[in-house]
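Asker: I have a structure I would like to understand better, so I am pasting it below and will then ask my questions one at a time.
The values are calculated or read from the model by the stated rules, or taken from the named source; none is laboratory data. In this text the structure is predicted, and so the values were computed from the model without any measurement. Glycine also receives a Cβ, built like all others from the backbone with ideal geometry; neighbour counts cover every protein chain displayed. For accessibility, only protein heavy atoms count, side chains too; no ligands or nucleic acids. Shrake-Rupley method; radii C 1.70, N 1.55, O 1.52, S 1.80 Å.
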Amino acid sequence: MKHEIFSLKGKVAIITGGYRGIGKAVATYLADAGADIVIWDLLDATEVAKEISQEYGVRATSFICNVTDPDQVAQTVEASAQAMGTLDILFNNAGIGPHTDALEITPDAWKKVMDVNINGIFYVATSFARYLIAHGKGGSIINTASMSGLIVNVPQRHTHYNSSKAAVIQMTKSLAIEWADKNIRVNCISPGYIATDLIKEVRQDWKDEWVSRIPFKRMGKPEELAGAVIYLASDAATYTSGSNIVIDGCYTVV
């Protein structure tokens, strides 16, 4: 290509929740596009980072970080920058999605979902933005929302999860406006049902119903989210901020 607008060479990307699933899959594609990789997770992702580095010929490292702890988040942003020399991209992906009837959600369970899915996204995004602003540079933040922020999932009960993901979409738009003059772009992706390892633990009759409602008649693959993230992270998207890209096999269209 004459114009390598989708190249991420020379850029450093943080991926939260990168030990497995969507985070790990997207991290490999960001590396394939040339980005150096920093994986954050509650689990030790040292081997994941090593595999990415060896396969794609980029620098990669990992940190254990609890995204619900703002002090730890701020420290890990600084540690990531020191390890890699700079920071450019954030794939703000860590999240949880338990299935519980609303009348059975305890206050602690409600707070946990909100703490990870809303507070965690906010703490990481703002710490990352503070780093960029302090160093006089722009960057790209891509939050993981969900189609569940736009519709109500069935047959599972998901009030706390749905509410949290709707908040992520609105937070993304709000931050995009606040930071537009700082050259920090903030967007989000909203995946539909994605066939990760965690899906294996879900009841088969639920999975069957999900697929029956998806016009594509299948769940998505984690790697099918990577193209949108690469676009939003790259110079191809320098005029795109405050957007939510829905990747759901047409689930929310019908």
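Asker: With every protein chain kept in place and ligands, DNA and RNA left out, what is the accessible area per residue of the range 1-61? Probe 1.4 Å, answer in Å².
Answerer: With the other protein chains kept in place, the range 1-61 gives 50 Å² per residue.
Asker: Need one number: convex hull volume per residue for the range 165-241, Cα atoms only, in Å³.
Answerer: 115
Asker: Under 1.5 on a/c is rounded, so check that first for the range 131-200, then, if it is not, pick prolate when a/b is larger than b/c and oblate when it is not; a ≥ b ≥ c are the square roots of the alpha carbon gyration tensor eigenvalues.
Answerer: prolate
Asker: Another question about this same structure. If you fit an axis through the alpha-carbon atoms of helix 46-56 and take the longest principal axis of the Cα set of the chain, what angle between them do you get, 0 to 90°, nearest 10?
Answerer: 70
Asker: If I model a spin label as a point 7 Å beyond the Cα along the Cα-Cβ vector, how far apart are those points for Ser174 and Lys9 in nm?
Answerer: 4.0
Asker: Oh, and also: Using a ≥ b ≥ c from the Cα gyration tensor of the range 94-241 (square roots of the eigenvalues), is it rounded, prolate or oblate, where a/c under 1.5 gives rounded and otherwise the larger of a/b and b/c decides, a/b for prolate?
Answerer: In terms of gyration-tensor shape, oblate.
Asker: Here is a further query. Could you state, as a whole-number percent, how many of the C-alpha pairs of the range 33-141 are farther apart than 23 Å?
Answerer: 34
Asker: Does the range 204-254 come out rounded, prolate or oblate by the C-alpha gyration tensor, with a ≥ b ≥ c the root eigenvalues, rounded set by a/c under 1.5 and, if not, prolate when a/b is larger than b/c and oblate if not?
Answerer: Prolate, since a/c reaches 1.5 and a/b exceeds b/c.
Asker: For the range 96-182, place one equal point scatterer on every Cα, skip the solvent, and apply the Debye formula. What is log10 of I(q)/I(0) at q = 0.20, 0.26 Å⁻¹?
Answerer: -0.89, -1.26
Asker: Here's another thing I want to ask about it. Do any trypsin sites (Lys or Arg not before Pro) in the range 1-32 lie in a loop, going by DSSP, with at most 16 other beta-carbon atoms within 10 Å of their beta carbon, and if so which?
Answerer: Answer by residue number: Lys2, Lys9, Arg20.
Asker: In degrees between 0 and 90, to the nearest 10, how far off the longest principal axis of the chain does helix 121-134 point, with axes built from Cα atoms?
Answerer: 10
Asker: Rank Trp206, Leu150, Leu103 by how far each Cα sits towards the positive end of the charge dipole of the range 83-210 (+1 on Lys, Arg Cβ; -1 on Asp, Glu Cβ) and give me just the farthest.
Answerer: Toward the positive end, the furthest listed residue is Leu150.
Asker: Another question, if that's okay. Mind putting a number on the dipole of the chain about its Cα centre? Charges go on the C-beta only, +1 for Lys and Arg and -1 for Asp and Glu, and I need it in Debye to the nearest 20.
Answerer: Magnitude of the dipole: close to 500 debye.
Asker: What part of the accessible area of the range 52-150, given as a whole %, is carbon or sulfur when the probe is 1.4 angstrom?
Answerer: That share works out to 50 percent.
Asker: Using the Cβ atoms and a cut-off under 10 Å, what net charge is assigned to the surroundings of Thr86, where Lys and Arg are +1 and Asp and Glu are -1?
Answerer: Once positives and negatives cancel, what remains is 0.
Asker: For a quick check, take a GNM of the chain with Cα springs below 10 Å and name the residue from Asn183, Asn92, Asn143 with the largest mean-square fluctuation.
Answerer: Highest fluctuation among the options: Asn183.
Asker: Just from its helices, what would the mean residue ellipticity at 222 nm be for the chain, if runs of 4 or more DSSP H residues each count -39500 (n - 2.57) and the sum is divided by every residue, rounded to the nearest 500 deg cm²/dmol?
Answerer: So the helix-based figure for the chain works out to -12000 deg cm²/dmol.
Asker: Oh, and also: Could you state how much accessible area Tyr56 has, in square angstrom rounded to the nearest 10, with a 1.4 Å probe and all protein chains kept in place?
Answerer: Result for Tyr56: roughly 70 Å² accessible.
Asker: Name the most mobile residue of Val12, Val38, Val202, meaning the one with the largest mean-square fluctuation, in a Gaussian network model of the chain with Cα contacts below 10 Å.
Answerer: Checking each option, the largest mean-square fluctuation is seen for Val202.
Asker: Running a GNM on the chain with Cα contacts under 10 Å, which residue among Ile121, Ile52, Ile199 ends up with the highest mean-square fluctuation?
Answerer: Most flexible of the set in this elastic network: Ile199.
Asker: Still on this structure, I have one more. Expressed as an acute angle from 0 to 90° and rounded to the nearest 10, what is the orientation of the C-alpha long axis of helix 70-84 relative to the principal long axis of the chain?
Answerer: 50
Asker: For Leu198 and Trp110 in one chain, what is 0.36 nm times their gap in residues minus the Cα-Cα distance, to one decimal in nm?
Answerer: 29.6 nm
Asker: Quote the FRET efficiency, to the nearest 0.05, computed for Ala102 versus Gln75 with a Förster distance R0 of 30 Å and r equal to the Cβ-Cβ distance.
Answerer: Taking R0 as 30 Å, the efficiency between Ala102 and Gln75 is 0.25.
Asker: Next question, about the same structure. What's the local net charge at Phe63, with K and R +1, D and E -1, over the other residues with C-beta under 12 Å away?
Answerer: With Lys, Arg at +1 and Asp, Glu at -1, the net is -3.
Asker: Give, in nm to one decimal, the length gained when the segment between Arg218 and Ser53 is fully stretched (0.36 nm per residue of separation minus the Cα-Cα distance).
Answerer: Extra length from Arg218 to Ser53 when fully extended: 56.2 nm.
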